[in-house]
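A quick write-up on the structure given underneath.
The values are calculated or read from the model by the stated rules, or taken from the named source; none is laboratory data. Worth saying up front: this structure is predicted, and the values here are computed from it rather than measured. Backbone-built Cβ (ideal geometry, glycine too); neighbour counts: all protein chains shown. The accessibility values were calculated without ligands, DNA or RNA, using every heavy atom of the protein model including side chains. Shrake-Rupley method; radii C 1.70, N 1.55, O 1.52, S 1.80 Å.
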Amino acid sequence: MNFGSGKHKIFVSRSPCMDPTDGKTLPVVHKKPAGMRVATWNWLLEKPFGSIMFANPKSPSDVPLPETISDGDLDGDLYFIMWDTNILPHLLKVEEKMRHGQVVNRKKPKDVTRKGSETWLEDAQELMLDVERISLVNEFMKTSYNLSHKTSVESKDHIFDPDARSFAQAYRKSLDMPKHGGTVDLPQRLHSKYPSKLHPLLNGCS
């Protein structure tokens with residue numbers, strides 16, 4: 001993208017963007033990096049405005065950048081990109097605050113479809129055809145979203161409120177449950193905020 005020589009940062013996120021860690025500010029490259037072939041640089045410059053590419057991690061142990069942006073997995077995700085210089089300074093302050101604050105557990109729910117097994121597809125189909133469970137998961141999603149929003153609005157810490165962030169994480173993790181199954185980790189003290197019929201979808205944690 002050609003943002004002009006004065007633009008040095010962009011903000012990237014994807015839906016759902018509910019937690020302060022769900023977006024990243026990234027540097028803008030204005031000239032060919034050292035070591036990159038001219039043909040590769042020219043190829044990048046030919047890409048249409050609005051395209052976004054993610055490099056492969058340098059090490060197999062590194063977490064791919066999409067996974068750090070609201071648990072993206074590049075299976076058709078649409079990304080939000082913003083470079084407004086009036087807004088970016090506020091986001092940079094948020095990012096700085098997060099570097100010195102609490103890190104929320106970003107583990108995804110345990111995948112019970114056993115994707116490595118020979119029956120993973122049948123397991124996933126069975127989950128997706130369980131109408132009663134799907135109904136509960138949908139209610140869990142709605143409840144988690146509403147609790148996160150309500151808690152952040154009422155708290156002096158807003159979106160940094162630990163409970164609001166826990167509910168936001170629960171909402172995000174529940175999005176994988178219709179096809180992958182599993183349960184969601186949530187502090188035991190917050191379970192009472194959910195109807196009892198949704199408790200089987202929760203795991204307690206300290």
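A few points about this structure:
- Qualifying residue in the stretch 147-165 (condition: surrounded by fewer than 15 Cβ atoms within 10 Å (Cβ to Cβ), polar (S, T, N, Q) and over 25 Å from Ile69 (Cα atoms)): no
- Odd one out for Ser61, checked against (1) open to solvent by less than 90 Å² (accessible area, probe 1.4 Å); (2) free of Cβ contacts under 8 Å to residues at least 60 places away in the same chain; (3) farther than 22 Å from Arg172 by Cβ; (4) part of a loop (DSSP other than H, G, I, E, B): (1)
- The set of residues in the stretch 22-44 being surrounded by 10 or more Cβ atoms within 10 Å (Cβ to Cβ) and modelled with pLDDT of 85 or more consists of Asp22, Gly23, Lys24, Thr25, Leu26, Lys32, Met36, Thr40, Trp41, Asn42, Trp43, Leu44.
- Residue count, the stretch 181-206 (criterion: in a helix (DSSP H, G or I) and either farther than 17 Å from Ser135 by Cβ or of a type in the set (Asp, Glu) (or both)): 6
- The listed residues are Asn86, Asn56, and the only one of them that is among the polar types (S, T, N, Q), modelled with pLDDT of 85 or more and in a loop (DSSP other than H, G, I, E, B) turns out to be Asn86.
- Filtered residue count, the stretch 91-134, keeping only those that are surrounded by 11 or more Cβ atoms within 10 Å (Cβ to Cβ), at pLDDT 75 or above, within 21 Å of Thr25 (Cα to Cα) and of a type outside the set (Asp, Glu): 3
- If you go through the stretch 135-146 and pick out every residue that is in contact (Cβ under 8 Å) with a residue 60 or more places away in the chain, touching a Phe, Trp or Tyr at 6+ places or on another chain (Cβ under 9 Å) and either at positive phi or open to solvent by less than 80 Å² (accessible area, probe 1.4 Å) (or both), you end up with 1.
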